[in-house]
């Protein structure tokens, strides 16, 4: 059995510039102009777009302030924490595997690691496997609470996902109080051209947090 629409105003099938009343079984002669090209809808859409852009730019600004802002006087940075410690041998087994969160600024770091390894980055992609890396906590910076960066040498190539940072930062900070940095192994993939990386992925094998205590 065919279902018919309920009574209401619809676009006139004979004149798209008007609304026409459907009584539930047939079209009536009651019509109403649709108005100038949906100006109200366009206005609402513009307001929604402006609001969305505002929210998006606010989120981006917050992300940039946390990940790419210049160092504040007296506040340790990942680089300064790393420079104050020495590496300890990786604690086996490296049973946790995760993909790092990369900020746009980390792409330059990945490019630098490939350049140091004298491995060309290509449009098809290039890899570096089993790279020694360092787990650097920085709970002292309120902008990145529980932050844990991963460095290859002195070069930052990303951060642990937030859910892992929360569990790894405390034991890693205990190690830095002894002048030590935990270490892990990283596999890097990069795409682009020599000296410039446009896409990258960094996967790290690291010990469980309990083994860092």
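Where a number appears in this text, it was derived from the coordinates with a stated rule and is not lab data. For clarity, every value in this text was computed on a predicted model and none was experimentally measured. We place every Cβ from the backbone using ideal geometry, glycine too, and count neighbours over all the protein chains shown.
Figures for the structure shown
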| item | result |
| --- | --- |
| Space enclosed by the convex hull of the alpha-carbon atoms of segment 126-172, per residue, Å³ | 96 Å³ |
| Label-point gap, in nm, between residue 30 and residue 9 - each point 7 angstrom along Cα→Cβ | 1.0 nm |
| Neighbour-count order for 183, 17, fewest beta carbons within 10 angstrom listed first | 17, 183 |
| Semi-axis lengths (Å, descending) of the ellipsoid that matches the C-alpha gyration tensor of segment 139-198 | 25, 14, 11 |
| In Å, descending, principal axis extents of the Cα set of segment 71-208 | 42, 37, 26 |
| Inverse of mean 1/r across different Cα pairs in segment 169-213, Kirkwood, Å | 12.7 Å |
| Inter-label distance, nm, simple model (7 Å from Cα along the C-beta direction), residue 105/residue 92 | 3.7 nm |
| Net length gained if the chain between residue 166 and residue 178 were fully extended (0.36 nm per residue, minus Cα distance) | 2.3 nm |
